[in-house]
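**Q** Once you've had a glance at the structure underneath, I'll fire off some questions.
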Amino acid sequence: MSDPVEHTLPGPQGSLSWRQLATGLRHDPQIRATLTQAILRPGHEAVFWETSPSSRATVDHPLRFVLLPGRSLARLQSDPRPFEQQLRRGGLVATFGNLSGDAILVAPTPTDPPRSYPHLVAFLQHAPPEQLEALWSAVGVALEGWWADRADPVWLSTSGLGVAWLHIRLDRYPKYYHHDAFGLPPGSG
């Protein structure tokens with residue numbers, strides 16, 4: 001398999017920074033749409049979305065990400081049961097800690113037919129627009145909260161092989177990463 005292409009998003013002065021991403025996800029429908037289209041553009045049926053790490057010290061560095069084809073994800077059927085308690089809290093999106101307490105997860109609640117929820121591409125293609133907007137906004141809030149509360153780097157990604165329900169991960173380390181180039185903390189590679 002060839003090396004994946006690293007993507008950036010256009011920003012006001014070059015590539016979009018992490019800070020601009022987080023603010024844009026919260027407040028700017030155009031940033032949310034640009035990210036959505038960048039993820040869908042390669043035309044993969046499903047992807048593992050993995051970003052470069054960021055920290056409060058590197059929020060002004062460019063966002064970089066890869067989209068790794070997820071053939072195994074494409075075969076998954078939605079199963080919200082592992083997150084049932086967290087998803088029941090109401091609203092379009094839930095933000096909660098994982099079982100081991102080392103990650104923050106942002107997941108849509110089941111409001112649409114099951115085909116919308118097994119992985120990121122399915123969600124971006126089929127979810128109700130208001131839920132898509134709410135998910136990206138919650139990711140922006142979670143990123144800003146991470147930087148405010150922790151000096152640790154954050155790795156933003158999706159996996160989904162353990163739980164067949166879309167959840168965007170904010171991790172202290174690249175827990176389920178496949179792209180080795182993003183495995184080092186910011187500034188060390």
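Any read-out appearing in this document is the output of simple, stated calculations on the displayed coordinates, not a laboratory observation. No experiment lies behind these values; they were computed from the predicted model shown. Cβ coordinates were reconstructed from backbone atoms using ideal geometry, including for glycine residues, and neighbour counts include every protein chain displayed.
**Q** Being more than 13 Å from the chain's Cα centre (by Cα), assigned to a loop (DSSP other than H, G, I, E, B), more than 19 Å from HIS167 (Cβ to Cβ) and of a type in the set (Gly, Ala, Ser) is the filter here; which residues of the range 17-73 pass it?
**A** Of everything in the range 17-73, those that are more than 13 Å from the chain's Cα centre (by Cα), assigned to a loop (DSSP other than H, G, I, E, B), more than 19 Å from HIS167 (Cβ to Cβ) and of a type in the set (Gly, Ala, Ser) turn out to be GLY43, SER55, ALA57.
**Q** Among (1) buried (at least 18 other Cβ atoms within 10 Å of the Cβ); (2) without any contact (Cβ under 8 Å) to a residue 60 or more places away in the chain, where does VAL139 come up short?
**A** Checking VAL139 against (1) buried (at least 18 other Cβ atoms within 10 Å of the Cβ); (2) without any contact (Cβ under 8 Å) to a residue 60 or more places away in the chain, the one that fails is (2).
**Q** If I go through the range 7-16 residue by residue, how many of them are under 19 Å from ILE168 (Cα atoms) and either buried (at least 17 other Cβ atoms within 10 Å of the Cβ) or not polar (S, T, N, Q) (or both)?
**A** Here the count works out to 2.
**Q** Kindly establish whether PRO118 is assigned to a loop (DSSP other than H, G, I, E, B) and either aliphatic (A, V, I, L, M) or within 14 Å of the chain's Cα centre (by Cα) (or both).
**A** Yes, satisfied.
**Q** Quick one: is PRO62 of a type outside the set (Asp, Glu), over 21 Å from LYS175 (Cα atoms), in contact with a strand residue (DSSP E or B) (Cβ under 6 Å, 6 or more places away or on another chain) and exposed (fewer than 15 other Cβ atoms within 10 Å of the Cβ)?
**A** So PRO62 fails the test.
**Q** To continue, here is another question. Six or more apart or on different chains, Cβ under 6 Å: which pairs go from a residue in the range 62-80 that's under 29 Å from PRO10 (Cβ atoms) to one that's of a type in the set (D, E, K, R)? Could you list them?
**A** From the range 62-80, the pairs are ARG64/GLU6; VAL66/GLU6; VAL66/GLU50; ALA74/GLU45.
**Q** Right, here's the next one. Could you list, in sequence order, the residues of the range 142-163 that are among the aliphatic types (A, V, I, L, M), crowded, with 18+ Cβ neighbours inside 10 Å and part of a helix (DSSP H, G or I)?
**A** Hits for the range 142-163 are ALA142, LEU143.
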